[in-house]
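> Before I ask anything, here is the structure I am working with.
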Amino acid sequence: MASNTISFAPPRGMRDFYPEDMILRNAIFQAWSQAARQSGFDEYDACVVESLALLKRKSGEEITDQIYHFEDKSGRELALRPEMTPTLARMIVSKQGGLVMPLKWFAVAQCFRYERTTRGRKREHYQLNLDIIGEPSVSAEAEVIATAATAMAQLGLTGEHYRIRFSSRALLSDILLKLGIEATHHAATFLALDKRGKITDDAIKDLLVSEGVSSETIPTIFTLLNIRSLEQVREMLGKDTPAYQDIKQFLTTLDAYGVADLMTFDISVIRGLAYYTGIVFEAFDLNHGLRAIFGGGRYDNLLGDIGGDSATGVGLGFGDVVVAELIVELGMEPTTGEHTPDVSISFMEEDQHLTAIQVAAALRRRGKRTHLALHAEKPKQFFSKAGKSAAAQAIYIGPDDITSGTLRIKNMTDRSQEEVAISELLSRA
C-alpha cells in the first residue's frame, strides 16, 4: 500500500540552499563573475529548457543517457540542459553573421543530469562557463585556464591545493595514427579510454572491437596511458607534429600568465564529451579525494556541425559542488556574507517604531545593509541577536533617546559607543 507521508527533503540529487548555505554559494558565484569580468568576458544567459535533438546531437552518448527529458503539451521533445556548450553554439549560430570574433562569453548556469549521486556529484549543479569562439591559437586555452585560476585564488585556493592535468586529443590522434589506427576510429577510441576505471578493461576492449579497432592493437592502446611526459610522446612520434607544437606554445603562454606551475601533462585526460578536438584539461585537488574541480578543452567543429559557419572554440566548465566541498574540507569557508548587516536596529516600545523606521530608511539610502526589528523587544534580546548576526553596529532606541533627540551607535566589535543626533543621522542621507 502506498504511503501518504509527504517527504520534506528535496528530490534525490537536488539541493535546497538555506540562508547560511548562501554565504558560500554567493562567495563562489562572486569569485567566478569577478574573475570572468576581470579577464574581459561578456556575460550571457539562456533558457534552462533546451531542444532534446540538439543535446542528443552534440553532447555525446554518455550525456544523452543522463538527460532529464520530456514532451511538452504540443509533443515537442525537450530537456533540462545537462551542460551549456550546445546552447552556446545554438545562440552563436543564430546571430553568427552579426557577431565580431573572437567572442569571450561567460555564464553562471544551472545544469541537470540524471546520474548516480556520489560525493561531488549531484543531479543539479551550478557552473561557471567560460568560452572563447573564433580564436584558433592556444592563447584561448591559456586565457580560460588563467581566468579559472584567478577565481580559485579569490576563493583562497592556490597551487598548494590543486593541479591542472592536461593532454590533447589531437596529440593522441597523432599517436594512434602512428600505431596504424585510422582516424575514423579515433573518436570512439577516446570515449572508450575515457571510461577506463568506470568499466572493466574487457568491456573497453569490446567497445573498441565493435568500432572496428584491431584486437591486436588494443593492448598497445592501453599502454599509451603509461606515458608520463611530453618527451616520451616526442620520442614515440619521432617529430614535432602541429599538436605537439601547440602544447609547447600553450605551456609557454601559461608561464607568461604565471600559472604554468599548476599544469601537469597527463595523457589519460580525454574528457567524455564527443565534441572536443584539441587540448583538454581537468583540475583536481592535490589529495585526489574529489572529482574534477573544473575542466574543458577545444571544440573546433561544434558550430559547423549544427549548421553554422565553421569557427574554432574553447570552453571551460567550473562546477560549484566540488569546489564547495574542497573549501569546506580545508576549513576555508567564509563565515559572513552579503546578508550580514552593517547595522542592526531595534526599539523598546511601539512609540519608537516610526523613528526606527526613519533611521533604517536613511541608512539604507546610504547603502548600508540594515536589519530592522519588526516589533518591540527587550535590549538584552536585541543585542544577543545582533551579536549572532555579526552586525558591525547596533542601534537600540528607547523613550529617553526620543526625548533627548540622540541615538547611541554601538560598535559590536570593541563595544564602544558613538552618540549621534537623530536629526543629523537623518540628514546624512
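> For L303, all conditions in the list (1) assigned by TED's automatic domain parsing to the domain that holds R165; (2) within 30 Å of L407 (Cβ to Cβ) hold save one; what is the number of the exception?
All conditions are met except number (2).
> Further, regarding this structure: Which of the residues belonging to region 153-162 are surrounded by fewer than 14 Cβ atoms within 10 Å (Cβ to Cβ) and either within 18 Å of the chain's Cα centre (by Cα) or over 22 Å from A27 (Cα atoms) (or both)?
T158
> When you go through (1) surrounded by 17 or more Cβ atoms within 10 Å (Cβ to Cβ); (2) over 18 Å from the mean Cα position of the chain (by Cα) one by one for G315, which number turns out not to apply?
(2)
> Taking helices (runs of 4 or more DSSP H) that fall entirely within region 192-311, which contain at least 2 residues that are among the acidic types (D, E)?
Correct list: 201-210, 230-237, 242-257.
> Which one of T189, T184, T147 is assigned to a helix (DSSP H, G or I), of a type in the set (S, T, Y) and surrounded by fewer than 19 Cβ atoms within 10 Å (Cβ to Cβ)?
T184
> Going by the structure shown, is D261 surrounded by 15 or more Cβ atoms within 10 Å (Cβ to Cβ) and under 19 Å from I164 (Cα atoms)?
no
> On the given criteria, is F347 in contact with a strand residue (DSSP E or B) (Cβ under 7 Å, 6 or more places away or on another chain) and not assigned by TED's automatic domain parsing to the domain that holds L54?
yes
> Please go through region 234-253 and pick out each residue that is β-branched (V, I, T) and either in contact with a Ser or Thr (Cβ under 9 Å, 6 or more places away or on another chain) or loosely packed, with under 11 Cβ neighbours inside 10 Å (or both).
If the condition is that a residue be β-branched (V, I, T) and either in contact with a Ser or Thr (Cβ under 9 Å, 6 or more places away or on another chain) or loosely packed, with under 11 Cβ neighbours inside 10 Å (or both), then I247, T253 are the ones that fit.
Conditions tested, residue by residue: (1) crowded, with 16+ Cβ neighbours inside 10 Å; (2) over 17 Å from Q154 (Cα atoms).
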site	(1), (2)
D16	no, yes
W32	yes, no
A35	yes, no
Q38	no, no
E50	yes, yes
R57	no, yes
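> I'd like the full set of residues that are at pLDDT 95 or above, assigned to a helix (DSSP H, G or I) and among the aliphatic types (A, V, I, L, M), limited to region 390-429.
Listed by number, the residues that qualify are I402, I422.
> Now a separate question. Could you check, for region 62-79, whether at least one of its residues is of a type in the set (D, E, K, R) and closer than 30 Å to Y257 by Cα?
no
> Then there is this: Considering A292, A256, A283, which residue is surrounded by fewer than 19 Cβ atoms within 10 Å (Cβ to Cβ), assigned by TED's automatic domain parsing to the domain that holds D201 and not charged (D, E, K, R)?
Matching residue, one of A292, A256, A283: A256.
> Looking at G367, G387, G337, can you tell me which residue is at pLDDT below 95, outside any loop (DSSP other than H, G, I, E, B) and more than 30 Å from V138 (Cβ to Cβ)?
Matching residue, one of G367, G387, G337: G387.
> Of everything in region 248-265, what is in contact (Cβ under 8 Å) with a residue 40 or more places away in the chain and of a type in the set (S, T, Y)? Give them in sequence order.
T253, Y257, T264
> When only residues in region 199-212 that are at pLDDT 80 or above and closer than 24 Å to Y299 by Cα count, which is surrounded by the fewest Cβ atoms within 10 Å (Cβ to Cβ)?
In this case the residue turns out to be L207.
> Counting just the residues of region 266-313 that are among the acidic types (D, E) and modelled with pLDDT of 95 or more, which one comes out nearest to V144 (Cα to Cα)?
Within region 266-313, the match that is nearest to V144 (Cα to Cα) is E282.
> Would you mention how many residues in region 343-374 are farther than 23 Å from S423 by Cβ and without any contact (Cβ under 8 Å) to a residue 24 or more places away in the chain?
Of the residues in region 343-374, 1 are farther than 23 Å from S423 by Cβ and without any contact (Cβ under 8 Å) to a residue 24 or more places away in the chain.
> Would you point out which residue out of R196, R169, R165 is surrounded by fewer than 18 Cβ atoms within 10 Å (Cβ to Cβ) and within 30 Å of A148 (Cα to Cα)?
Exactly one of R196, R169, R165 is surrounded by fewer than 18 Cβ atoms within 10 Å (Cβ to Cβ) and within 30 Å of A148 (Cα to Cα), namely R196.
The values are calculated or read from the model by the stated rules, or taken from the named source; none is laboratory data. The structure displayed is predicted, hence computed values, not measured ones. Because the Cβ atoms are built from the backbone with ideal geometry, glycine has one as well, and the counts that use them run over all protein chains shown.
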